[in-house]
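Peer 1: Quick one: the structure is below, and I'll ask about it shortly.
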Amino acid sequence: MIFSSSSVSTVLRYNVPQYHFFVRQAIFLIASFIIGFLIIIRFPTSKYKYFTTLAIAGIIVALLGLFVYGRITNNARSWYDIGPFALQPSEFAKSIIIIFLAVSYSKLDKLKNNNIAMYFIPVAISLIVAILIALQPDFGTFAILGGIVFFVFISIPNVQTNILKVLKFGAIGLVVAALAILYSGTEIFNSRQLQRFQFRSPCSRYIEDTGYQVCNGFIAIHNGGLFGVGLGNSSQKYLYLPESHTDFIYPIIVEEWGAIVGVLIIIGYMVMLYRILKIAREAENLRLSILAYGVFLYLLFHILINLLGVLALIPLTGVPLPFLSYGGSFTINVVIMLFVVQRVNIENKTLKNKREMASITN
């Protein structure tokens, strides 16, 4: 579908061969699976603690470096040009934050630390990363990262048992943040970003930036009907949808394959998310639980923000759709995090078997 959806724009918009994005995506997938099979699935999650601090420091430096060396695309300074490829640090920030939260809260849990203030330290560090991403500006990634941190935080057992203290600390933090923004004179959203909140009835604003893309997505979905117009036969990929192989690949899929396939894709996502959540719930310790739950949230937010934005149910923020959209950093990151979930599943079964054997011998 990446080849089909990009076959026109490669020639007419990017002036490259038709197979350009298809070949690059194949390279990204092969590289991520090699890393996953050779390293991630064999590497114990207990060893993550040895590089987490370095990874957090590295991602903060990488995000800061974007303000000097980053390339501007779609009014966001989010990429480094590295030869023929582009690296997007904010994508890897999500995975690093998930691992960081898992390691940090696992350590606090093992130490039986009941000082609730200590549980806010990982949140504060994650907030620094999120703010750097928001300043690019990339509010889609900011929202996803914020959602991951918030829901992981409130899932921690010690946080749940001290909910009143948590609410008190949270309220103080919100007041301080609000006052800082108020007295700094900084605008949270510029005029272009505020326009994104005009997301309803996009076809009534077809000639405006706030309606053009989403309305063409509607046209693509309408053209597809139940069974689609056939693979390669999309009309909306003829530059009507500028991001037809990335953020708006779902309408192209529905146009070519039909609404039935579109529904099957959503069902497939639901099954996958259920399986990951099941692994998180069956985890033998807090570290494993947070790793799987974090990946569940990561994929869930990407799917919801992309599909709801494309369907004009929320403001369009421009995030890729897992396993379907083109994107190097995103593809490598998603596949590697699925290998992390598989590693969690392996360790769950290993620890469960050891526990059962211990109970038998005792």
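The values are calculated or read from the model by the stated rules, or taken from the named source; none is laboratory data. What you see is a predicted model; the values in this text were computed from it and never measured. With ideal geometry, Cβ positions are generated from the backbone for all residues, glycine too; neighbour counts draw on all protein chains shown. What goes into the accessible areas is simple: the full protein's heavy atoms, side chains included, and nothing from ligands, DNA or RNA. Shrake-Rupley method; radii C 1.70, N 1.55, O 1.52, S 1.80 Å.
Peer 1: Which condition breaks for GLY318 when tested against (1) at negative phi; (2) in contact (Cβ under 8 Å) with a residue 12 or more places away in the chain?
Peer 2: Single failed check for GLY318: (1).
Peer 1: If you go through segment 80-96 one residue at a time, do you hit one that is within 18 Å of the chain's Cα centre (by Cα), open to solvent by 40 Å² or more (accessible area, probe 1.4 Å), touching a residue at least 12 places away in the same chain (Cβ under 8 Å) and within 25 Å of PRO322 (Cβ to Cβ)?
Peer 2: yes
Peer 1: Assess whether ARG13 counts as being surrounded by 12 or more Cβ atoms within 10 Å (Cβ to Cβ), charged (D, E, K, R) and over 16 Å from ILE133 (Cβ atoms).
Peer 2: In short, yes.
Peer 1: Would you check which residues across segment 28-45 are in a helix (DSSP H, G or I) and open to solvent by 80 Å² or more (accessible area, probe 1.4 Å) and list them?
Peer 2: ILE30, PHE33, ILE34, PHE37, LEU38, ARG42 - these are the residues of segment 28-45 that are in a helix (DSSP H, G or I) and open to solvent by 80 Å² or more (accessible area, probe 1.4 Å).
Peer 1: From LEU127, LEU145, grab the single residue that is open to solvent by 70 Å² or more (accessible area, probe 1.4 Å), in contact (Cβ under 8 Å) with a residue 12 or more places away in the chain, closer than 23 Å to ALA76 by Cβ and assigned to a helix (DSSP H, G or I).
Peer 2: Of LEU127, LEU145, the one residue that is open to solvent by 70 Å² or more (accessible area, probe 1.4 Å), in contact (Cβ under 8 Å) with a residue 12 or more places away in the chain, closer than 23 Å to ALA76 by Cβ and assigned to a helix (DSSP H, G or I) is LEU127.
Peer 1: Here are TYR105, TYR48: which of them is surrounded by 21 or more Cβ atoms within 10 Å (Cβ to Cβ), of a type in the set (Ser, Thr, Tyr) and in a helix (DSSP H, G or I)?
Peer 2: Among TYR105, TYR48, only TYR105 is surrounded by 21 or more Cβ atoms within 10 Å (Cβ to Cβ), of a type in the set (Ser, Thr, Tyr) and in a helix (DSSP H, G or I).
Peer 1: Under 8 Å between Cβ atoms, at least 6 apart or on separate chains: pull out the pairs that start in segment 214-233 with a residue that is in contact (Cβ under 8 Å) with a residue 12 or more places away in the chain and assigned to a helix (DSSP H, G or I) and end on any residue that is β-branched (Val, Ile, Thr) and open to solvent by 10 Å² or more (accessible area, probe 1.4 Å).
Peer 2: ASN223/VAL229
Peer 1: Residues in segment 34-50: is at least one of a type outside the set (Ser, Thr, Tyr), over 26 Å from VAL229 (Cβ atoms) and touching an Asp or Glu at 6+ places or on another chain (Cβ under 9 Å)?
Peer 2: yes
Peer 1: Further question on the same structure: Tally up the residues in segment 207-230 that are of a type in the set (Phe, Trp, Tyr) and either surrounded by fewer than 13 Cβ atoms within 10 Å (Cβ to Cβ) or within 17 Å of ILE265 (Cα to Cα) (or both), please.
Peer 2: Residues meeting the conditions: 1.
Peer 1: Let me ask you something else. Just for segment 317-362: of the residues that are among the aromatic types (Phe, Trp, Tyr) and assigned to a helix (DSSP H, G or I), which one is surrounded by the fewest Cβ atoms within 10 Å (Cβ to Cβ)?
Peer 2: PHE339
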